[in-house]
1. Inside segment A:381-405, can you point out the residues that are under 17 Å from A:Lys325 (Cα atoms), outside any loop (DSSP other than H, G, I, E, B) and of a type in the set (S, T, N, Q)?
2. Does A:Phe411 satisfy the criteria of being aromatic (Phe, Trp, Tyr) and outside any helix (DSSP H, G or I)?
3. Search segment A:185-226 for residues being part of a helix (DSSP H, G or I) and of a type in the set (Phe, Trp, Tyr), and hand back the single one that is surrounded by the most Cβ atoms within 10 Å (Cβ to Cβ).
4. Scan the helices (runs of 4 or more DSSP H) fully inside segment B:50-116 and keep the ones with 1 or more residues being in contact (Cβ under 8 Å) with a residue 60 or more places away in the chain, under 20 Å from B:Thr278 (Cβ atoms) and not acidic (Asp, Glu).
5. Is it fair to say B:Ala229 is of a type in the set (A, V, I, L, M) and outside any helix (DSSP H, G or I)?
6. Answer yes or no: is there a residue in segment A:388-395 that is within 22 Å of the chain's Cα centre (by Cα) and among the β-branched types (Val, Ile, Thr).
7. Looking at A:Thr287, A:Thr276, A:Thr247, which is the one that is touching a strand residue (DSSP E or B) at 6+ places or on another chain (Cβ under 8 Å), hydroxyl-bearing (Ser, Thr, Tyr) and more than 13 Å from every other protein chain (Cβ to nearest Cβ)?
8. Residues of segment B:60-82 being surrounded by fewer than 14 Cβ atoms within 10 Å (Cβ to Cβ) and more than 17 Å from B:Val305 (Cα to Cα), which ones?
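The values are calculated or read from the model by the stated rules, or taken from the named source; none is laboratory data. Remember, it's a predicted structure, so these values are computed and weren't measured experimentally. Here the Cβ positions follow ideal geometry from the backbone for every residue, glycine too, while neighbour counts run over all protein chains shown.
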Amino acid sequence: MTAPNRPTRLAIAALAVVSILGACTATAAPTVVPATATAAPATATAPAATATAAVTQAPTATPAPATDTPAAQTEITVVSLIPGSEQTAFDAFNAQVAQFEAKYPNIKVNAQEYEWTGPTFAAMLAGGTLPDVFTIPFTDGKSLIEQHQLADISTLVAALPYAAKFNPNVLDAGQDASGNVFAIPTAAYGTGLHYNRSLFAEAGLDPDKPPTSWAEIRAAAKAIAEQTGMSGYSEMSQSNTGGWMLTTFTYLLGGRMEEGIGTTAQATLDNAATKTALQTLHDMRWTDNSMGSNFLLDWGSINQDFAAGKIGMYMSGSDVYTSLKRTNNISPDDYGLAALPLADDPNAGILGGGTLAAVNVKSSDAAKDAAVKWIDFYYMSKLLNQEAAVLDAKTLFDAGQPVGVPALPIFDKATLDQSNEWIKSYINVPLDHMSSFTSGVFQQPLVPEPATHTQELYAALDPVVQAVLTDENADIDALLTKVDSDVQAILAKP
Amino acid sequence: MQLPDVRKRRSLLRGAPAASVGSIAESAETRGRTRSWRPGAGVAGLLFLLPMLVIFGVFSWLPILRALEMSVEKTNLVAPPVFVGLDNFARVLADPVFWVAVKNTAWFALLALIFGYPVPLVLAVLMSEARRFRGLYSVLAYLPVVVPPVVAVLLWKFFYDGSSTGVFNTILGWFGMKPAAWLQSAGTAMPSLVLEATWAAAGGTVIIYLAALQSVPAELYDAADVDGAGLWRKVRYVTLPHLRGILLITLILQIIGTSQLFLEPFLFTGGGPANATTTVLLLIYRYAFQNSIGGDYGSATALSVMLAVFLAAFSWGYFRLTRGWAT
């Protein structure tokens, strides 16, 4: 065989280069360019998510008021439901998108499945792949505003008819020091005790009389564990939820995790209430053996086990029923929600938090305008407008989705009661199974989450909770001394 | 075609003083010739090489250089980065969890070395001795490698269920033993991860050993048989000496692999209980992603650089130390 001559070799080489580079471009493009499509969860029902806000209209200098229809076609990406939600839930969401697009023909809404977790949100934030509208917990609002990651939507929010109606304490989570609005509170929760009524009955307990003290919780957990073989009471301990729940328990007993705010904040984790909380968990685990066999649970896995009937009781936000139904298809007959018992201490209260809807700082003005319209339509109107409330409830009801899940007021209790009255005929959640909570929560002081370095504080507490639940000889005093010192170092960071 | 003088090349590789000056000079000349730039063929070669260089540069070396840069910056990829010198390295070294992670990683590597390293070798030797169904055994050994890692971990989570109805605990119950905590205890969590990781990875190494065993001359076993050697003596004096080179490579690959343990602790335990399975790579992940309002990517890359430097130095020392053992 004769070797090709030089021109031939060069031609072949050049052809190969062009072909390979061409192929590389073709294969690399989906990985590199639409980062959102890779980083964000796949969208099951809505049109595919775009990488960023694909706005066909040039940005305008002054956003139009939120009540006007944009003059030109605008496209926004919004978060939809938790990945893995039931198809009926997506059907209901899609119906609401269709209603919105019918109301605003010039706005095209792309949906993106979304579940706020610390790691995934951090990755989306760093990668610049957050959609135009996304939700965050109250605890992250201030920090993201300081980092200039949220769009200033003060003008657009001021144009909303209910702008002056917000509870100032709730709206504060989405405001900067000057009072400018960067995020709108859409839901507020108080922590409650979720219990499995079937397991209660199986254990010889009265499902209509949930525990009203920690002694009763402990006794009920022991009975469930002994009679059913399931976990009587479980506690979250992973992905920062261990710290979240230990803070909840501490609040119930009158303790606090931090004093002060910002750079002057002091860690107060080594306090009597936290010690009592950990000792109670330790005794339930090691003396009563009533906490099952899985001590590495997070929000998703504890919901899953609870809906599967493996857990008798656990603490979580009062609004978790929506996810239990949508994602875990819990039977309403099994579900019960009770108010958490408070210690006889003037500082005792239940931990309260909530969700903010925010707009991406990178969105154009037209997209911001459309985004606030979406927030108004999807999250807010149903709380204030009868027609919107009924439409929302009917859509969800028709799709078999939960309507009337207990929540705390974004505006005031009278407005919340009014909203619930409008949708009364559509409420399909077992409210009679939640009466202990709904009748008791408004008498309980609501205590906000620690304000400074909240998620890092929670993360530092995870191993403490895990140690108590997995090591019979865990030294609670030593654990608290160390974690207090560790968190103090975190709080001292600029 | 003239084959190169193998004896001369070996002597050069070993740096044997017996090699003549002439042979060294000749070899140097040969090396020089192969490195010289030949017009025409060189340009064509460069063009052929270019796509790979571009791909490798953009997707491998550029991120590495970017990581080096980030390791001396305070950055969360949101706010503008600030040069902080070696502060990130100091912060990592001062983090008490860092030393826990190092200890855990070393513990996993040691357990994997003790329990995981010999298993593929024993399996390969036994399988090579099998007279029937050797292909079937190979498939069975390799099957866990084909199972997607996440699926395998979820499967093993059922096995490790700490209740009395868990798969392993049910088996323990047959022998009258109490349920074990498996992943739910700081003492047993890491060995549990080693067990799964060994199961998941052994198949690949078995295949390598089986291939290497094919190269052992059959007449050596025949001679050993004639000499009355049993299985163990044949393995000890025939098989192992011939596998020495492969064994040394798989050993360093295993050490590097176990130093980069992430998937199992991430999916099984999240680093718990109480940081008992937090490894160096999991700590890097936490630095980068634990804080929802902006990760500490400076510390994450600083620890990545430290791990890479350690593994490079370790590998260099390993190959220096074992250079003469491979043949």
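1. A:Thr395
2. Working: aromatic (Phe, Trp, Tyr): yes; outside any helix (DSSP H, G or I): yes.
Answer is yes for this residue.
3. Of segment A:185-226, the ones part of a helix (DSSP H, G or I) are A:197-202, A:214-226.
Now restrict to residues that are of a type in the set (Phe, Trp, Tyr): A:200, A:214.
On the way: A:Phe200: 25, A:Trp214: 19.
Only one residue fits best here, namely A:Phe200.
4. Numbers: elements: B:62-70, B:87-94, B:96-111.
Result: B:87-94, B:96-111.
5. Values: of a type in the set (A, V, I, L, M): yes; outside any helix (DSSP H, G or I): yes.
Criteria met by B:Ala229.
6. No.
7. Details: A:Thr287 fails: touching a strand residue (DSSP E or B) at 6+ places or on another chain (Cβ under 8 Å); A:Thr276 fails: touching a strand residue (DSSP E or B) at 6+ places or on another chain (Cβ under 8 Å).
Among A:Thr287, A:Thr276, A:Thr247, only A:Thr247 is touching a strand residue (DSSP E or B) at 6+ places or on another chain (Cβ under 8 Å), hydroxyl-bearing (Ser, Thr, Tyr) and more than 13 Å from every other protein chain (Cβ to nearest Cβ).
8. The answer is B:Ala79, B:Pro80, B:Val82.
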